[in-house]
Amino acid sequence: MPDASTKTDAHSASQRLSRKRAAIRSPVPKDSRTLSLSASKLITTVASTANASESTLVIVVDDDASVANSTCRLIRSLGMRGEAFFSGADLLNSGRATEASCLILDVRMPSLDGLQLQRRLKEIRPGIPVIFFSAHAGKEDEDQALCSGAVAFLRKPVHRGDLLRVIRMALARRSQAAHGPSASLAEPGDQG
């Protein structure tokens, strides 16, 4: 039969382990769409929050939940915050569009398509950078999006490097609009 000191040592060890786990988890920003993270992912997340990209919120609107969620995971892996919405109405009703650093919109969605959403967003927040992506849009849709001020129009599936390049272009455009043409987010020698 274990004596009292053995029980106390086991209890103390259990408390230390609980405190360590709590200390590891506490620095991670809470995000309602973030799944539980493994310890290695946790360390990566904490390390990337020291980066200036931490405040960058990229919102993805796509009626295909798997595309929206996987695009957000990619954005998060690049050290930025990403949020997915599955319709333009969901985004507009959330009020989050005003907080976004840039938006990535699918063109073809039911009810409110990406081009209509772009027009509505201009009324709410003119100058917000918009990137379009689509697997099915035609040349007319692409031309209309670009003529309406979209930063880029990408074809799905989108390559990671291409997405990073256009997000940087969008953020640079936003920075230039806010601070004048000398402001830029591109790092010297960085080709994306």
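Of a type in the set (Gly, Ala, Ser) and closer than 13 Å to residue 61 by Cβ: does that describe residue 84?
In short, yes.
Check off (1) out of contact with any Cys (no Cβ under 6 Å at 6 or more places or on another chain); (2) assigned to a helix (DSSP H, G or I) for residue 170 and give me the number that stays unchecked.
Going through the list (1) out of contact with any Cys (no Cβ under 6 Å at 6 or more places or on another chain); (2) assigned to a helix (DSSP H, G or I), residue 170 breaks only (1).
Tell me, yes or no, whether segment 65-87 has at least one residue that is at pLDDT 95 or above, of a type outside the set (S, T, N, Q) and over 22 Å from residue 151 (Cα atoms).
Checked against the condition, which is being at pLDDT 95 or above, of a type outside the set (S, T, N, Q) and over 22 Å from residue 151 (Cα atoms), segment 65-87 yields at least one hit.
Collect the residues in segment 112-142 that are closer than 24 Å to residue 176 by Cβ and loosely packed, with under 14 Cβ neighbours inside 10 Å, keeping them in residue-number order.
If the condition is that a residue be closer than 24 Å to residue 176 by Cβ and loosely packed, with under 14 Cβ neighbours inside 10 Å, then 119, 123, 124, 125, 126, 127 are the ones that fit.
Could you tell me whether any residue of segment 150-162 is touching a Pro at 6+ places or on another chain (Cβ under 7 Å) and part of a loop (DSSP other than H, G, I, E, B)?
yes
What do you reckon, is residue 111 at positive phi and not basic (Lys, Arg)?
Taking the combined requirement at face value, the residue satisfies it.
Can you go through 127, 82 and tell me which one is over 14 Å from the mean Cα position of the chain (by Cα) and under 22 Å from residue 163 (Cα atoms)?
127
Among the residues of segment 111-120, is there at least one that is closer than 20 Å to residue 56 by Cα and either modelled with pLDDT of 95 or more or among the β-branched types (Val, Ile, Thr) (or both)?
yes
Any residue in segment 171-183 that is modelled with pLDDT of 90 or more and within 20 Å of the chain's Cα centre (by Cα)?
Scanning segment 171-183, I find at least one residue that is modelled with pLDDT of 90 or more and within 20 Å of the chain's Cα centre (by Cα), so the answer is yes.
Out of (1) touching a helix residue (DSSP H, G or I) at 6+ places or on another chain (Cβ under 9 Å); (2) of a type in the set (D, E, K, R); (3) part of a helix (DSSP H, G or I), what's the single condition that is false for residue 83?
Result: residue 83 passes all but (3).
So, of the residues in segment 91-107 that are assigned to a helix (DSSP H, G or I) and more than 16 Å from the chain's Cα centre (by Cα), which turns out to be nearest to residue 165 (Cα to Cα)?
The extreme case among them is 92.
Taking residue 9 as the residue in question, decide whether it is among the acidic types (Asp, Glu), outside any loop (DSSP other than H, G, I, E, B) and modelled with pLDDT under 95.
So residue 9 passes the test.
The values are calculated or read from the model by the stated rules, or taken from the named source; none is laboratory data. Just so it is clear, the model here is predicted, and its values are computed rather than measured. Cβ coordinates were reconstructed from backbone atoms using ideal geometry, including for glycine residues, and neighbour counts include every protein chain displayed.
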